[in-house]
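The structure is given below, and queries will be raised subsequently.
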Amino acid sequence: MDQEVAKYFADVIKLAQSIFTQVTYVVDETPERAILRVQAEYGEYRLFVTELFSDGMRKYRYYLLRDNWVEVGFDNSPDPRAIRLKYGEIGAAHTGKYVPHLHLEDKARLLLTEEITFSSFISWLEKNIEKTV
């Protein structure tokens with residue numbers, strides 16, 4: 001694994017352990033890609049994080065759930081609704097493009113965002129989600 005990616009993963013794990021409880025993580029790597037998966041608890045919420053470095057790209061998913069309700073989800077996947085919102089259509093020129101976006105209200109609401117990091121997600125979380133016990 002690239003040293004820069006290894007450091008980023010270590011920083012994500014350390015930050016997760018300082019904010020959340022019941023933190024578990026798995027690093028899975030091959031010569032072509034490196035994946036970090038983190039699960040944790042935040043009061044009554046469950047946290048799911050995926051960081052993937054592959055093909056020179058960084059892909060991420062940061063989701064906070066209460067039971068099965070998606071309280072918040074940041075990712076940069078090729079979500080058809082995000083593609084349509086950004087480009088006005090889903091055509092051949094935009095199919096498969098990674099678009100940073102935010103899911104709210106159990107994915108009923110979608111907003112475009114800038115690409116974020118795990119530490120930016122934590123900052124957003126601390127400002128917007130009250131941690132309940």
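If the Cβ limit is 7 Å and pairs must be 6+ apart or interchain, which residue in the range 104-133 that is in contact (Cβ under 8 Å) with a residue 40 or more places away in the chain pairs with which residue that is assigned to a loop (DSSP other than H, G, I, E, B) and open to solvent by 50 Å² or more (accessible area, probe 1.4 Å)?
Short answer, once both residue conditions are applied: 132/44.
Exactly one condition in (1) of a type in the set (Val, Ile, Thr); (2) in a loop (DSSP other than H, G, I, E, B); (3) out of contact with any Lys or Arg (no Cβ under 9 Å at 6 or more places or on another chain) is false for residue 99; which is it?
Checking residue 99 against (1) of a type in the set (Val, Ile, Thr); (2) in a loop (DSSP other than H, G, I, E, B); (3) out of contact with any Lys or Arg (no Cβ under 9 Å at 6 or more places or on another chain), the one that fails is (3).
Moving to a separate point now. Within the range 105-118, is there a residue that is within 10 Å of the chain's Cα centre (by Cα), open to solvent by less than 20 Å² (accessible area, probe 1.4 Å) and within 28 Å of residue 31 (Cβ to Cβ)?
Yes: the range 105-118 contains one or more residues that are within 10 Å of the chain's Cα centre (by Cα), open to solvent by less than 20 Å² (accessible area, probe 1.4 Å) and within 28 Å of residue 31 (Cβ to Cβ).
With the structure loaded, tell me whether residue 7 is closer than 22 Å to residue 76 by Cα, among the charged types (D, E, K, R) and surrounded by 12 or more Cβ atoms within 10 Å (Cβ to Cβ) or whether it fails that test. Step through it out loud before you land on a result.
Working: closer than 22 Å to residue 76 by Cα: yes; among the charged types (D, E, K, R): yes; surrounded by 12 or more Cβ atoms within 10 Å (Cβ to Cβ): no.
When the stated conditions are applied, residue 7 does not pass them.
Please count how many residues of the range 58-85 are under 27 Å from residue 34 (Cβ atoms) and of a type in the set (Asp, Glu).
Residues meeting the conditions: 2.
Restricting attention to the range 36-59, which residues are open to solvent by less than 20 Å² (accessible area, probe 1.4 Å), among the aliphatic types (A, V, I, L, M) and within 25 Å of residue 97 (Cα to Cα)?
Of everything in the range 36-59, those that are open to solvent by less than 20 Å² (accessible area, probe 1.4 Å), among the aliphatic types (A, V, I, L, M) and within 25 Å of residue 97 (Cα to Cα) turn out to be 36, 38, 49.
Given the conditions (1) more than 25 Å from residue 44 (Cβ to Cβ); (2) surrounded by 15 or more Cβ atoms within 10 Å (Cβ to Cβ); (3) touching a Leu at 6+ places or on another chain (Cβ under 9 Å), report the number of the one that residue 81 does not fulfil.
Only one criterion in (1) more than 25 Å from residue 44 (Cβ to Cβ); (2) surrounded by 15 or more Cβ atoms within 10 Å (Cβ to Cβ); (3) touching a Leu at 6+ places or on another chain (Cβ under 9 Å) is unmet by residue 81, namely (2).
Collect the residues in the range 1-39 that are among the small types (Gly, Ala, Ser) and touching a residue at least 40 places away in the same chain (Cβ under 8 Å), keeping them in residue-number order. Break it down into steps so the answer makes sense when it comes.
First pass over the range 1-39, keeping only residues among the small types (Gly, Ala, Ser): 6, 10, 16, 18, 34.
Of everything in the range 1-39, just one residue is among the small types (Gly, Ala, Ser) and touching a residue at least 40 places away in the same chain (Cβ under 8 Å), namely 16.
The values are calculated or read from the model by the stated rules, or taken from the named source; none is laboratory data. Since we're looking at a predicted model, the values are computed, not measured. All Cβ positions, even for glycine, are placed from backbone atoms using ideal geometry, and neighbour counts span all protein chains on display. Side chains are part of the model used for accessible areas, which takes the heavy atoms of the whole protein and leaves out ligands, DNA and RNA. Shrake-Rupley method; radii C 1.70, N 1.55, O 1.52, S 1.80 Å.
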